[in-house]
Amino acid sequence: MSPPLPPPISSFTPKVAILGAGIIGLATAFELAVKRGVPVTLYDPAPMGRGASWAAAGMLAPAYEAAAEEGVHPHLFDLCMEAAELWPDFSIDLAHAADTDSGYSGRPSLALAFDKAETAAMHKLARALDARGIAHEELPPATAHLLEPSIAKDLIAALQMPTDGQVDNRAVVRALIMALQRSPLATLRSEAAPLRSEGGRLTLEGHDLILAAGGWNTAAIKVEENGQPLSLVNWDPALDQIDCYGGQMLSVAHGYGSPETTLRCGAIYIAPKADRVIIGATVEPGVATEAPEPEAIAALHARAARLCPVLEDLPVIETWAGIRPGTPDRAPMIGQTASPGLFVAAGHYRNGILLAPITARIIADLMLCKPLSPLHESFAPNRLCAAA
């Protein structure tokens, strides 16, 4: 039986087309169709949810990823914190709509330090969290080992971050697809959207509004004009600011004494899931390959084993590579473009899973003419053209 429809939102309800079925497109379709009663068509010629969203590790890490990073959007941390606060309710709503578990875990993460450089980086992160009034606790090695016995014995310092959890991103993707398949207001189409230009205006028959959510391929979305395929960049040059950042990772089987806590150290993370332990990840600017390299995978495995020696001998289940979409200030574009009726939600870099619920909420509010906060407005795509 289909779930009941939400009450109508106004006398006019737009019909929305979403281009791209990664977690951002899926979450926005869920927000619009399932939660707000807006008809949605989701287009993607690639397998839905099997791009960067499938390749991710599901980290929900506002403190570790955004608090102390330099050169990023000045309000990225605030957006990440707001997103983290939405995740518990988002996971409950999704589990109810899809009748399946989303794998959300709010258990605190631990940042680890084994040498002077890592200890200095940890103290810098702690100071940044202090300045923002964000809860955290510096732990002596003995306490960290009590919390996670798999950590190597030469640990120097640890930082517990209650704001940082994780989710099984693949379970979330599957649940979103299931929820949309159950909704009478959502249509999923495994094809590219037949976009056309009429008098310079972007159109898609049967739809009032369009959301470009194609990740790093957003600028490659095609529009037919006078029989010729043109890039979506012609309708807003800000879309050309999205670049690709390759990433490689692996998963190993659970074993006796394998870690149960999400662990961070430098660029390395260890994310235990119900059926595997994920180890990641490389960050490779400008790399758009989905083929993992044996040498890079071996190096990741060895670095993770430095943190948790038990990982060294656990069998590798899977290796893979993904492509993150990023922008010059490492923050997403969320908002209206220069073209009437065209919106964009892309460029989430390392925070796509974390930012999915808040991105969906911002886009839905914009499309339904709800007022935005100054924080949400600051991620509009025109900021990148202004900066350039």
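The values are calculated or read from the model by the stated rules, or taken from the named source; none is laboratory data. Computed from a predicted structure; not experimentally measured. All Cβ positions, glycine included, derive from the backbone under ideal geometry; neighbour counts span all protein chains shown. Protein only, heavy atoms only, side chains kept; ligands, DNA and RNA dropped before computing areas. Shrake-Rupley method; radii C 1.70, N 1.55, O 1.52, S 1.80 Å.
Assorted remarks:
- Exposure ranking of 208, 240 by accessible area [1.4 Å probe, largest first]: 240, 208
- Over the C-alpha atoms of region 200-356, the Rg to Rh ratio, Rh being the Kirkwood estimate, stands at 1.11.
- Alpha carbon Rg of region 196-290, scaled by the compact-globule rule 2.2 N^0.38 Å: 1.66
- Helix 169-182 vs. the chain, principal-axis angle (Cα, 0 to 90°, nearest 10): 30
- Other residues lying with their Cβ under 12 Å from the Cβ of residue 158 contribute a combined charge of -3, Lys and Arg counting +1, Asp and Glu -1.
- Taking all protein chains as shown and a probe of 1.4 angstrom, residue 50 keeps an accessible surface of around 140 Å².
- Here the 3J(HN,Hα) profile of region 330-346, calculated from phi with Karplus coefficients 6.51, -1.76 and 1.60 at θ = phi - 60°, is 6, 10, x, 8, 9, x, 7, 8, 6, 9, x, x, 10, 10, 9, 9, 7 Hz, Gly and Pro shown as x.
- Principal axis extents of the C-alpha atoms in region 62-201 (largest first, rounded to whole Å): 60, 40, 25.
- Accessible carbon and sulfur surface of the chain relative to its total accessible area, %, 1.4 Å: 54
- Sequence-separation-based contact order of region 119-274, relative, with Cα cut under 8 Å and 6+ spacing, percent: 17
- Compactness index (Cα Rg / 2.2 N^0.38 Å), region 98-164: 1.29
- For region 12-138, Kirkwood radius (reciprocal of mean inverse C-alpha pair distance, Å): 17.3
- Seen against the Cα atoms of the chain and their longest principal axis, helix 294-307 is set at about 50 degrees.
- In region 145-271, the DSSP beta bridges split such that about 90 percent are antiparallel, to the nearest 5.
- Between residue 275 and residue 189, full extension at 0.36 nm per residue minus the direct alpha carbon distance yields a gain of 27.9 nm.
- Inter-probe distance in nm under a simple model that places probes 7 Å from Cα toward Cβ, at residue 75 and residue 154: 4.5
- Beta bridge orientation in the chain: antiparallel %, DSSP, nearest 5: 70
- Taking all Cα pairs closer than 8 Å and separated by 6 or more residues, the relative contact order of region 199-240 comes to 28 percent.
- Computed over region 248-339: relative contact order in percent, which uses C-alpha pairs under 8 Å that are six or more apart: 36
- With all projection directions averaged, the alpha carbon convex hull of the chain covers 19.5 nm².
- In this structure region 44-173 gives 43 Å² per residue of accessible area when probed at 1.4 Å with all protein chains present.
- Inter-label distance for residue 89 and residue 143, nm, one decimal - labels placed 7 Å from Cα along Cα-to-Cβ: 3.2
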